[in-house]
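Peer 1: Okay, here's the structure, questions in a sec.
The values are calculated or read from the model by the stated rules, or taken from the named source; none is laboratory data. All of these numbers come straight from a predicted model, not from anything done at the bench. With ideal geometry, Cβ positions are generated from the backbone for all residues, glycine too; neighbour counts draw on all protein chains shown. These accessible areas exclude ligands, DNA and RNA; they are computed on the full protein's heavy atoms, side chains included. Shrake-Rupley method; radii C 1.70, N 1.55, O 1.52, S 1.80 Å.
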Amino acid sequence: MNNDSGTGYLQVKVVSGNGAFGIEDALVQIFGVDEGGQNTGIIYSLRTDASGLAPKVALPAPPKANSLTPQEDGAPSASYHVKVSKDNYNSVEITDVPVFDGVTSLQRVNLLPENEFADLSPGYPREFTQIYDVPPSELSL
């Protein structure tokens, strides 16, 4: 069975203040992922609009039938990595973002200002990247 015979969609919304406002002109990079979970390169490089939304993109995904019944030979979703960055904010990386055939997934990313952690510890690096690893779907277990 061809694992990439479907198409799913991903849209990223970049916010700050835990969703209080969207971040305009943030860089959103979507990376392909191989079977070992390693990045295979940038598929899309996008910028957010005034509301913090990046354009919706089409991505290869396993066929919808893989998510309807347990299958040994096919995952229910494709995995992608998303990295979001913006000047004066800490970057965020999200690994294993699932994309399902025929479904538009909305991935919300909350960016924190770089100085948010300045008072926590003297000498704390000005810039760091938060990494979130999305656990596998129960459908793929």
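Peer 1: Quick one: in the stretch 42-55, which of the residues that are in contact (Cβ under 8 Å) with a residue 24 or more places away in the chain and among the hydroxyl-bearing types (Ser, Thr, Tyr) is surrounded by the fewest Cβ atoms within 10 Å (Cβ to Cβ)?
Peer 2: Just the residues of the stretch 42-55 that are in contact (Cβ under 8 Å) with a residue 24 or more places away in the chain, to begin with: 43, 46, 48-55.
So of that shortlist, the ones also among the hydroxyl-bearing types (Ser, Thr, Tyr) come out as 48, 51.
On the way: Thr48: 23, Ser51: 12.
Among those residues, the one meeting the criterion is Ser51.
Peer 1: Only residues in the stretch 4-26 that are without any contact (Cβ under 8 Å) to a residue 40 or more places away in the chain and surrounded by 15 or more Cβ atoms within 10 Å (Cβ to Cβ) count as the first member; pair them with residues that are of a type outside the set (Lys, Arg) and part of a strand (DSSP E or B), Cβ under 8 angstrom, at least 6 apart or cross-chain, and list the lot.
Peer 2: Sorted first by the residue in the stretch 4-26, then by its partner, the pairs are Gly22/Val14; Gly22/Val15; Gly22/Leu53.
Peer 1: Looking only at residues that are over 15 Å from the mean Cα position of the chain (by Cα) and touching a residue at least 60 places away in the same chain (Cβ under 8 Å) in the stretch 108-118, which one is surrounded by the most Cβ atoms within 10 Å (Cβ to Cβ)? Break it down stepwise before answering.
Peer 2: Kept after step one, since they are over 15 Å from the mean Cα position of the chain (by Cα), are these residues of the stretch 108-118: 112-118.
Subsequent filtering for residues that are touching a residue at least 60 places away in the same chain (Cβ under 8 Å) retains 112-113.
Values: Leu112: 16, Pro113: 13.
Only one residue tops the list, namely Leu112.
Peer 1: Can you tell which of Pro76, Pro98, Pro55 is within 16 Å of Val12 (Cβ to Cβ) and part of a loop (DSSP other than H, G, I, E, B)? Before the answer, list the steps.
Peer 2: Working: Pro76 fails: within 16 Å of Val12 (Cβ to Cβ); Pro98 fails: part of a loop (DSSP other than H, G, I, E, B).
Checking each option against the conditions leaves just Pro55.
Peer 1: Given the structure, is Ala50 farther than 19 Å from Ser85 by Cα and touching a strand residue (DSSP E or B) at 6+ places or on another chain (Cβ under 8 Å)?
Peer 2: No.
Peer 1: Also, I was wondering about something else. If Asn39 satisfies all but one of (1) free of Cβ contacts under 8 Å to residues at least 40 places away in the same chain; (2) surrounded by fewer than 17 Cβ atoms within 10 Å (Cβ to Cβ), what's the number of the condition it fails?
Peer 2: Failing condition for Asn39: (1).
Peer 1: Please work out if Ala65 is open to solvent by 20 Å² or more (accessible area, probe 1.4 Å), in a helix (DSSP H, G or I) and either farther than 20 Å from Gly22 by Cβ or modelled with pLDDT of 95 or more (or both). Break it down stepwise before answering.
Peer 2: Working: open to solvent by 20 Å² or more (accessible area, probe 1.4 Å): yes; in a helix (DSSP H, G or I): yes; either farther than 20 Å from Gly22 by Cβ or modelled with pLDDT of 95 or more (or both): yes.
Criteria met by Ala65.
Peer 1: From Ser77, Ser105, Ser85, Ser91, which residue is of a type outside the set (A, V, I, L, M, F, W, C), at pLDDT below 90 and open to solvent by less than 50 Å² (accessible area, probe 1.4 Å)? Step through it out loud before you land on a result.
Peer 2: Values: Ser105 fails: at pLDDT below 90; Ser85 fails: at pLDDT below 90; Ser91 fails: at pLDDT below 90.
The conditions single out Ser77.
Peer 1: Counting just the residues of the stretch 1-24 that are in a strand (DSSP E or B) and under 12 Å from Asp101 (Cβ atoms), which one comes out modelled with the lowest pLDDT? Reasoning before the result, please.
Peer 2: Residues of the stretch 1-24 in a strand (DSSP E or B): 6-16, 21-22.
Right, trim to under 12 Å from Asp101 (Cβ atoms) and you get 6-9.
Working: Gly6: 92, Thr7: 96, Gly8: 96, Tyr9: 97.
Only one residue fits best here, namely Gly6.
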